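Report on the structure given below.
The values are calculated or read from the model by the stated rules, or taken from the named source; none is laboratory data. This is a predicted model, so every value here is computed, not measured. Neighbour counts are summed over all protein chains in view; Cβ atoms, including those assigned to glycine, are modelled from backbone coordinates with ideal geometry.
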Amino acid sequence: MLSRVADNLYWMSRYVERAESLARLVEVRRDTRLETGFGIQSKKFWSSSLSALYAEEFFQADGRTEADEFILFAENWPNSIRNCIYFARENARMVRDQLSDEIWVELNNTYLFFQSGDAKKTFKQSPSHFSQRIIRFSLVFQGLVDATVHHDEGWRFISLGKYLERADQTSRILDTLSLIGSEPSRTDLIGALRTCSALSAYRKRFRGELSLRNVAEFLLFSQDFPRSMRFAIRRIDSYLHEISGVPSGNFSNEAERLIGSTLATVNFTDIATLMDKGLHQSIDELQTKLIEVGQRIFETYVLLPFEIESVSQKMAEQTQAQQQ
Amino acid sequence: MRPFPFENYLTEGFFDEMFGKGHPHKPLKHYQEVYNRLGRLESGEILEKRSQADSSFLEHGVTFTVYGDEEGTEKIFPFDLIPRIIPHSEWTVIDQGLRQRMLALNLFLHDIYQDAKILSDGIIPTEVIQSSSNFRKEMVGFDIPKDIFIQVCGSDLIRDDSGTYFVLEDNARCPSGASYLLENREIMKKTFPQTFQGMSVRSVEEYPELLLKTLENLSPRQSQKPVCVVLTPGVYNSAYFEHTFLARQMGIEIVEGRDLIAIDEFVYMRTTHGLVQVDVIYRRVDDDFLDPLFFNKDSMLGVPGLMNAYLRGNVALANGIGTGVADDKVTYAYVPEMIKYYLDQEPILSNVPTFLCWREKDRKYVLENLKSLVIKPANESGGYGMMVGSSSSEKERQEFKDRISSNPRDYIAQPIISLSRHPTFCEDGIEGRHVDLRPFILYGKDIEIVPGGLTRVALKKNSLIVNSSQGGGSKDTWVLKN
């Protein structure tokens, strides 16, 4: 398939996953605040989340006072939910011929929901309704991707995007726990698990014994929970090999080599070693590796060197004039 | 007693597609059935059907982009539910007229880039051609594939107050609108299935197939299934929806300039598994932007080296390079002469009388009669930069006076034609609105025209401008089988 198309599919999928993850975060944090956060200043309460999202500077510049509103609607922060939906749709527009009508309509409706102002209205009336709307959209979107398009190369790029983003988001949520500064409270731990939709799965596994160590172990190393880092990394590894046709265990490009070594890390490290090293430090290393994997995928399948430049204003102006 | 939706309908002296010059309770024969059907609609039903159609367009992203409009740059192209109907006998004439025109325009382009006989024989003044900003001297002497320059032409037809058809302009560069023609039909079939079925309307759905055949016909590699692509300027272009739509309907790739690369005078597309050679490019990018090494060096939409591959014959372009000289509005004025010169025939479809401002006599007349004329720039499209004299201000007229005097070659003028009107759903019920018609003419092995075309309608009351960028909408166009 066209390299650019692969790239668009990959990013479309990443942005949808990112929107979902942020919607979960906002939902859970608001909830936590209702229960425990009365005394705490809003700014302080949200600061670990904003810092794990690298959004503090944007928040300050934005002028909004409420962090949740900022995460949802900020125009200036490229990762706000509003912008994620916008970028997901922009990418989808460029590859509409690759998507089923159902996928397009679902994504476009969510975009129109933001454009029309209905999103802000819904949020004012019922914030949890709002988050549910976004999460539901993402789940329907994933379902449609699995059920309505060929499971061919394009689909693998979509899946790659989804799992890379998910691994990244899970690592950030874990990181909020390490960024709190003190031993995370019970509410914080439950919050993190809920943000990954992992609370009941966790309970099944650990029978209610709640500790940072167990939560970290679960979110990092669970073999079969679909939002754990290990699960996601294993999927990324297998999709990359399906795309290149090179058997797993070998590698034909840098992306494959790096993901292989990352997979080995999560397969063969135990939680004790990792905690000794420091949770934040270890998560940071994993994140860095995943970012590099993303970069290498891009270089392997999409790039010739001069394509790196992003679409500049100049190009946008020129595209506008070509029509009768 | 007139049926409810037409209770207050007035033709106001215009030629009305549904009622002709007659009374608004007596539709022309070919409209009778639609008239009856509309008469049975309840007011609530109309609104419901309209909003069904609108939300379907919006959801599916059947949109275009408006430039210089801050809020919501994407809009649906407003669609009107009352179809425009063309009887078989009328269409036969239009069809023949368009074929004749398409032949003549192609012979003309071939001629002026080869021997330029029409110039040396004094039929068209040489300076008209050489001063056209769309004349490509790089193409002089180039042996174009199959001798065809224009593969896809969208000619705009209008009718005056007697119902006579005229050609208003020929869009021979990158005409758009075919996707709306197809989408409108889909919506109509869903919204008024019985009426549609009862009328024996000629089908338009084969357009993408015909277009693909037209493209394949140009391929330099006839030994194998040609690789054709649609080249789009990108997602910010107003017709982007159309580009993807057509690519999807034809089952070929839609590419941007950056997806292509020219190596050693061949063009390839970049795929995840390496480079694939491209044979035919249906380009929806203007000449100027196609190749930064050849034309506009700042273009980021094009493919460096594309022109060399093209001039080598290793890749074909549709439309060819340099067709813009044929849709220059000054050249337009000479199409009747071309038809006589090349085909030795009388034009079947007439031109709108045109004053060429570079001719001193014409200019004098134009400057003295600005108020009763439409002034158009010779090389713009999309309804940009024109002035309708009757609804212009003193200030605008002065501006145009200055512009015409300093650049007479760039302006033409035509009498204001009171375009025919068509019943259209408006705020206060059904009212008459001005319409035109853009049929799409394809030239591959043969000339093919899907029956009808895109009927555009000026939704603003009394407006004569039907372009989507200027508040126009569209209608489905039904050509009847007999």
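Computed values, structure above
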| quantity | calculated |
| --- | --- |
| Restricting segment B:142-176 to residues that are touching a His at 6+ places or on another chain (Cβ under 9 Å) and away from every other protein chain (no Cβ under 14 Å), the residue that is surrounded by the most Cβ atoms within 10 Å (Cβ to Cβ) | B:Phe149 |
| Qualifying position, being at pLDDT 90 or above and assigned by TED's automatic domain parsing to the domain that holds A:Val16, among A:Phe45, A:Phe113 | A:Phe113 |
| Residues within segment B:256-301 that are more than 9 Å from chain A (Cβ to nearest Cβ), crowded, with 22+ Cβ neighbours inside 10 Å and part of a loop (DSSP other than H, G, I, E, B), tallied | 4 |
| Within segment B:149-245, helices (runs of 4 or more DSSP H) holding 2 or more residues that are touching a residue at least 40 places away in the same chain (Cβ under 8 Å) and more than 30 Å from B:Gln32 (Cβ to Cβ) | B:207-216 |
| Segment A:86-130, residues that are assigned to a loop (DSSP other than H, G, I, E, B), under 22 Å from the mean Cα position of the chain (by Cα) and without any contact (Cβ under 8 Å) to a residue 60 or more places away in the chain | A:Leu99 |
| Qualifying positions in segment A:186-197 - surrounded by 14 or more Cβ atoms within 10 Å (Cβ to Cβ) and either at pLDDT below 90 or more than 15 Å from A:Leu22 (Cα to Cα) (or both) | A:Thr187, A:Asp188, A:Leu189, A:Ile190 |
| Restricting segment A:155-173 to residues that are over 14 Å from A:Ile233 (Cβ atoms) and at pLDDT below 95, the residue that is surrounded by the most Cβ atoms within 10 Å (Cβ to Cβ) | A:Ile173 |
| Qualifying residue in segment B:324-333 (condition: in a helix (DSSP H, G or I), polar (S, T, N, Q) and in contact (Cβ under 8 Å) with a residue 24 or more places away in the chain) | yes |
| Considering residues of segment B:63-89 that are closer than 30 Å to B:Phe4 by Cβ and within 14 Å of chain A (Cβ to nearest Cβ) only, the residue modelled with the lowest pLDDT | B:Ile76 |
| Residue within segment B:208-229 that is at the interface with another protein chain (Cβ under 10 Å from one of its Cβ atoms) and under 22 Å from A:Leu99 (Cα atoms) present | yes |
| Output for segment A:81-112, where each listed residue is more than 8 Å from every other protein chain (Cβ to nearest Cβ) and either among the small types (Gly, Ala, Ser) or more than 28 Å from A:Asp68 (Cβ to Cβ) (or both) | A:Ala88, A:Ala92, A:Val95, A:Gln98, A:Leu99, A:Ser100, A:Glu102, A:Ile103 |
| Extreme residue, modelled with the lowest pLDDT, among residues of segment B:244-255 that are within 7 Å of chain A (Cβ to nearest Cβ) and buried (at least 19 other Cβ atoms within 10 Å of the Cβ) | B:Thr244 |
| Residue in segment B:15-26 that is modelled with pLDDT of 95 or more, away from chain A (no Cβ under 14 Å) and within 25 Å of B:Ala318 (Cβ to Cβ) present | no |
| Qualifying residue in segment A:226-247 (condition: within 14 Å of chain B (Cβ to nearest Cβ) and among the β-branched types (Val, Ile, Thr)) | yes |
| Checklist (1) at pLDDT 90 or above; (2) facing chain A (nearest Cβ under 10 Å) applied to B:Ala239, failing item | (1) |
| Residue check for A:Ala167: without any contact (Cβ under 8 Å) to a residue 40 or more places away in the chain and closer than 26 Å to A:Gly245 by Cβ | no |
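Conditions (1) under 30 Å from B:Ala239 (Cα atoms); (2) at pLDDT below 95, marked per residue:
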site: A:Ala232; (1), (2): no, no
site: A:Glu254; (1), (2): no, yes
site: A:Ile283; (1), (2): no, yes
site: A:Phe298; (1), (2): yes, yes
site: A:Glu309; (1), (2): yes, yes
site: A:Ser312; (1), (2): yes, yes
